[in-house]
Amino acid sequence: MTRGKTNAAANGNGRHFKTLTATPGHKNGKSKPILITGGAGFVGSNLAHRLLSAGHRVRLLDNLSRSGVERNLRWLIETHGDLVDIEVPDVRNLSVVKQAVKDASQVFHFAAQVAVTSSLVDPIEDFEINARGTLNLLESIRNTDNPPPLVFTSTNKVYGNLADLKFTKGPTRYAPLDAAICERGIAEDRPLDFHSPYGCSKGAADQYVIDYARTYRIPALVFRMSCIYGPHQYGNEDQGWVAHFMIRSITGKPITIYGDGKQVRDILFIEDLVDAFLLAQQHMSRLSGNAFNIGGGPANTISLLELLDLIAELHGGELSIHFENWRAADQRYYVANTGKFSGLTGWKPKVSVPQGVKRLYEWLMASSPQLAATPVAVPAVSRTLEAGKL
Ligand SMILES: NC(=O)c1ccc[n+]([C@@H]2O[C@H](COP(=O)([O-])OP(=O)(O)OC[C@H]3O[C@@H](n4cnc5c(N)ncnc54)[C@H](O)[C@@H]3O)[C@@H](O)[C@H]2O)c1
């Protein structure tokens with residue numbers, strides 16, 4: 001964060017925040033910025049990079065509470081300099097959120113408390129960030145003269161632990177007995193069933209976004225996302241398991257598997273998610289008011305054990321793995337049916353699991369001296385309360 005000027009001010013929580021603005025004179029000086037909350041995070045920085053590369057002005061609002069994300073910020077500033085506006089307050093602060101939204105042309109809302117584990121330790125903070133923070137944003141959008149279109153990232157956790165599904169257990173993975181789910185995955189007509197404070201806060205935010213589109217007619221939609229992975233992800237034991245397993249392998253540290261490792265997820269490479277975000281904004285008038293399941297879908301699934309095999313192939317050597325009890329509410333299987341969004345926009349994931357995993361591996365290897373120098377911190381809570389991951 002070497003560019004721009006900084007201003008210190010007190011935020012609503014009594015803490016101080018910094019505002020970093022790019023130096024004046026950028027090529028798109030008069031264009032309205034695209035606002036990304038949580039813009040220094042994994043998903044936010046990748047989207048910001050794509051938008052900035054296309055010449056858009058981007059405003060990032062992020063309190064930098066996620067360990068490692070300051071590296072993403074540095075990368076964006078070094079790569080794009082004057083096109084980036086960076087604000088470092090908190091989504092819990094309504095007045096700064098209002099200010100950030102005021103002249104935005106589009107909004108992507110990613111800022112969140114992202115770990116089930118932390119939500120179990122401090123449900124109020126989790127609620128304040130995820131539910132109240134989203135309401136702050138929605139109110140800010142509603143009170144502008146020309147509300148900018150909003151894309152909000154929810155989670156597949158809004159469907160609960162899917163305890164009613166029955167599975168067969170193969171050598172490396174679970175498979176659902178229901179042929180339709182096996183073939184297509186879980187669709188949006190699945191009843192909502194919030195589990196854990198994190199599930200409740202994200203689920204509440206998800207429903208607020210849909211209702212603001214309905215009641216106040218603001219243009220807004222929800223992505224209920226499966227596991228996303230790719231470069232600039234500083235995964236830890238609580239969130240970002242694909243990157244977490246790789247970082248542990250590269251840095252020669254043991255990996256803990258909760259359960260038997262046969263849990264199956266559809267995983268989506270970040271570039272494919274960014275394509276989906278752009279399509280969502282492009283088709284907002286048709287899509288507003290809807291929630292969409294977004295993930296790799298049935299063509300891009302992997303179990304934890306299978307990922308470890310892939311990493312062993314890429315990295316060589318022995319991985320150190322040990323097993324612990326299942327985490328609370330861990331889904332044996334979650335695969336998104338992405339047909340609703342694909343049908344309306346033509347979107348399809350392009351990057352296969354082996355290709356994407358290799359790209360993440362290569363990026364991590366290139367940045368591993370940095371990783372070794374500043375290890376990604378696992379929040380203290382995860383050591384005592386290990387009860388679920390995104
Ligand atoms: N990555 C995934 O696999 C995945 C899956 C489902 C849903 N999601 C959702 O997508 C969004 C982005 O996830 P990500 O993987 O990029 O996570 P991330 O942790 O990398 O990014 C979130 C960012 O929000 C910031 N932040 C946290 N609290 C804040 C606050 N109070 N005010 C301002 N900024 C704050 C963090 O510093 C971080 O940079 C989140 O809303 C997450 O719940 C992610």
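The values are calculated or read from the model by the stated rules, or taken from the named source; none is laboratory data. The shown structure was predicted, so the numbers you read here are calculated from the model rather than taken from an experiment. So basically every Cβ, Gly included, is an ideal-geometry build from the backbone, and we count neighbours across all protein chains shown. For the accessible areas, the whole protein counts, side chains as well, though only heavy atoms, and no ligand, DNA or RNA atoms are used. Shrake-Rupley method; radii C 1.70, N 1.55, O 1.52, S 1.80 Å.
For segment 97-116, the set of residues classified as within 13 Å of the ligand (Cβ to nearest atom) and either assigned to a loop (DSSP other than H, G, I, E, B) or hydroxyl-bearing (Ser, Thr, Tyr) (or both) consists of 110, 111, 112, 113, 114, 115, listed by residue number. Residue 268 satisfies every condition listed in (1) at pLDDT below 95; (2) assigned to a strand (DSSP E or B) except (1).
Would a scan of segment 193-211 turn up a residue that is over 27 Å from residue 327 (Cβ atoms) and in contact with a Ser or Thr (Cβ under 9 Å, 6 or more places away or on another chain)? Yes: one or more hits. Whenever a residue of segment 185-198 is under 20 Å from residue 341 (Cβ atoms), its partners that are open to solvent by less than 70 Å² (accessible area, probe 1.4 Å) and aromatic (Phe, Trp, Tyr), lying with C-beta atoms within less than 8 angstrom and at least six residues away or across chains, give the pairs 186/159; 186/334; 188/292; 190/159; 191/159; 192/159.
Right, residue 84: more than 14 Å from the ligand (Cβ to nearest atom), modelled with pLDDT under 95 and open to solvent by less than 10 Å² (accessible area, probe 1.4 Å) or not?
So residue 84 fits the description; yes.
Report those strands (runs of 3 or more DSSP E) wholly inside segment 193-260 carrying at least 1 residues which are on the phi < 0 side of the Ramachandran plot and within 11 Å of the ligand (Cβ to nearest atom).
220-225, 227-229
For segment 263-283, residues that are out of contact with any helix residue (DSSP H, G or I) (no Cβ under 6 Å at 6 or more places or on another chain) and open to solvent by 10 Å² or more (accessible area, probe 1.4 Å) total 6.
Summed over segment 199-247, residues that are more than 29 Å from residue 309 (Cβ to Cβ) and in contact (Cβ under 8 Å) with a residue 24 or more places away in the chain total 21.
Has segment 124-139 got at least one residue that is outside any loop (DSSP other than H, G, I, E, B), touching a Leu at 6+ places or on another chain (Cβ under 6 Å) and closer than 20 Å to residue 217 by Cα? The answer is yes; a qualifying residue exists. The lone criterion from (1) open to solvent by less than 20 Å² (accessible area, probe 1.4 Å); (2) more than 16 Å from the ligand (Cβ to nearest atom) left unmet by residue 317 is number (1). Among the residues of segment 108-115, is there at least one that is free of Cβ contacts under 8 Å to residues at least 60 places away in the same chain, open to solvent by less than 10 Å² (accessible area, probe 1.4 Å) and within 23 Å of residue 154 (Cβ to Cβ)? No. When only residues in segment 142-192 that are open to solvent by 30 Å² or more (accessible area, probe 1.4 Å) and of a type in the set (S, T, N, Q) count, which is farthest from the ligand (Cβ to nearest atom)? In this case the residue turns out to be 168.
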